[in-house]
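The values are calculated or read from the model by the stated rules, or taken from the named source; none is laboratory data. Here the structure is a predicted model, which means the values were calculated and not measured. Cβ placement follows ideal geometry from the backbone for every residue including glycine, while neighbour counts extend to all protein chains displayed.
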Amino acid sequence: MHSENLFTDYSQIENNAPLADKLRPKNLEDFFGQQTILNENSLLRSAILNDKISNFIFSGPPGVGKTTLIQIISFNTRSKLIKLNAVLSSVKELRNEIANAKDRLINSKRKTILFIDEVHRFTSVQQDALLPSIENGTITFIGATTENPFFAVNKALVSRSRIFTLLPLSENDLQKILQKVITYYSKKIDSKNVYLTQDAISHLIRFSGGDARTLINALEMAIETTAENDDKEININLSIAEDAIQKKNIVYDKNGQNHYDVISAFIKSIRGSDPDATLFWLANMLEAGEDPNFIFRRLLISASEDIGIADPNAIVVVKSCCDAFDRVGFPEGLYFLTQASLYLAMSPKSNSTKSIFKAIETIKSSNPFDVPLHLKNNSKSYVNPHNYQGNWVAQEYLPKSLRGLKIWEPNNNGWEKTQYEELLRRKEN
């Protein structure tokens, strides 16, 4: 299988390309978003503009600019840029590209940037073929992933790369992209005058989820499938926007009650151990068309914030239900949402995990302190609890200046109560 340069120019392909690809920026001035890593003084911006690219991994959800940054790099570098996909590319193909890169460097002094898409799917065999050429400088490696690279990407690649995290685009960034689409249509040979109602704009931006590609594709469909009126205008209202992005506008009641109020009532019903109210507010959200992923995110937070170690299994149950929903979807997925919600509502409650904030405040307000000598690395005075009955021995673990400090505030519920009582019993003995 022959690998082409990532952005080889084929006019026929360009004509048939989705609008999101046609509008892809070619320089940083036209790139919207990611100012935390692309501000005027940033390392990444300087590296791109000065052709000083090193080994990078771009991490972030779909449609936030990972591939666009690769294109911008390709326009600002003398290096040959090659694209491979971690899933589709064979080890043989990878080795061929590395051999070509070596020949290129020897014969023309031209470097090679090897872009690996979906790098989190790299196998150990692929990694073994790639690592030596990264270490000796034959290639410059850039990876892209929608996963957390510290968990999903091979540690050897992570350790040799600078990680840049891209975030979902802000409402302001999406507004600019939406206007760019409208301008594009107004300047075509067969120009179109496109107008959107404010609620249509708000809906498209909200349900694009910070994903520029989703926004552009939805708006393109709306424009291309909506007939012009007598004034040669294309008017896109909320109904058309909903149809284009396949998400209905969420309305919880006749007064347009905000979904944050309903999710608040839902979580507070769980915290108050009221299964009936929990199901009522869950049904309210589902009938309104709330995103199940949004509900599961709040359930995961509640499993730790409201139940915590009173029932450590709560977060496992919610995560399992979330994974099951991803496999099954609606309508059967309702069972998983219900099971997770009811489990939390009926679980013993504890908010002792919030003790971490007291610990953080203690660190901020305390004078500098040293780690106690017996707790330091390779200390000869450390007493190992495993050498004692019950795996416990009296020993001080806080700095001298903070001895006696109480940070954790245990709740007298469930597993937490049992374990805390056991902890006290050990100390008394």
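Key figures for this structure:
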| item | result |
| --- | --- |
| Region 384-423, residues that are more than 30 Å from Ala345 (Cα to Cα), assigned to a helix (DSSP H, G or I) and small (Gly, Ala, Ser) | Gly390, Ser401 |
| Members of region 44-71 found to be more than 22 Å from the chain's Cα centre (by Cα), of a type outside the set (Ser, Thr, Tyr) and either over 10 Å from Ile113 (Cβ atoms) or assigned to a helix (DSSP H, G or I) (or both), listed by number | Ala47, Ile48, Leu49, Asn50, Asp51, Lys52 |
| Condition broken by Lys192, with the remaining ones in (1) surrounded by 18 or more Cβ atoms within 10 Å (Cβ to Cβ); (2) in contact with a strand residue (DSSP E or B) (Cβ under 9 Å, 6 or more places away or on another chain) satisfied | (1) |
| Candidates Ile189, Ile205, Ile201, Ile182 - the one that is without any contact (Cβ under 8 Å) to a residue 60 or more places away in the chain and in contact with an Asp or Glu (Cβ under 9 Å, 6 or more places away or on another chain) | Ile205 |
| Residue in region 329-340 that is loosely packed, with under 15 Cβ neighbours inside 10 Å and touching a residue at least 40 places away in the same chain (Cβ under 8 Å) present | no |
| Members of region 263-274 that are surrounded by fewer than 17 Cβ atoms within 10 Å (Cβ to Cβ) and either within 20 Å of Lys247 (Cα to Cα) or touching a residue at least 60 places away in the same chain (Cβ under 8 Å) (or both) | Ser273, Asp274 |
| Output for region 307-352, where each listed residue is of a type in the set (D, E, K, R) and more than 22 Å from Glu290 (Cα to Cα) | Asp311, Lys349 |
| Contacts under 9 angstrom Cβ, first residue in region 237-260 being on the phi > 0 side of the Ramachandran plot, partner assigned to a helix (DSSP H, G or I) and modelled with pLDDT of 90 or more, 6 or more apart | Gln246/Ala218 |
| Residue in region 404-420 that is surrounded by fewer than 12 Cβ atoms within 10 Å (Cβ to Cβ), small (Gly, Ala, Ser) and on the phi < 0 side of the Ramachandran plot present | no |
| Whichever residue in region 376-395 is in contact with a Pro (Cβ under 9 Å, 6 or more places away or on another chain) and closer than 27 Å to Pro312 by Cβ and, among such residues, is surrounded by the fewest Cβ atoms within 10 Å (Cβ to Cβ) | Asn391 |
| Per-region count, region 112-132, residues more than 21 Å from Lys52 (Cα to Cα) and among the aliphatic types (A, V, I, L, M) | 3 |
| Condition broken by Ile139, with the remaining ones in (1) touching a strand residue (DSSP E or B) at 6+ places or on another chain (Cβ under 9 Å); (2) of a type in the set (A, V, I, L, M); (3) in contact (Cβ under 8 Å) with a residue 60 or more places away in the chain satisfied | (3) |
| Unmet requirement for Leu105, which otherwise passes all of (1) surrounded by 15 or more Cβ atoms within 10 Å (Cβ to Cβ); (2) closer than 23 Å to Thr68 by Cα | (2) |
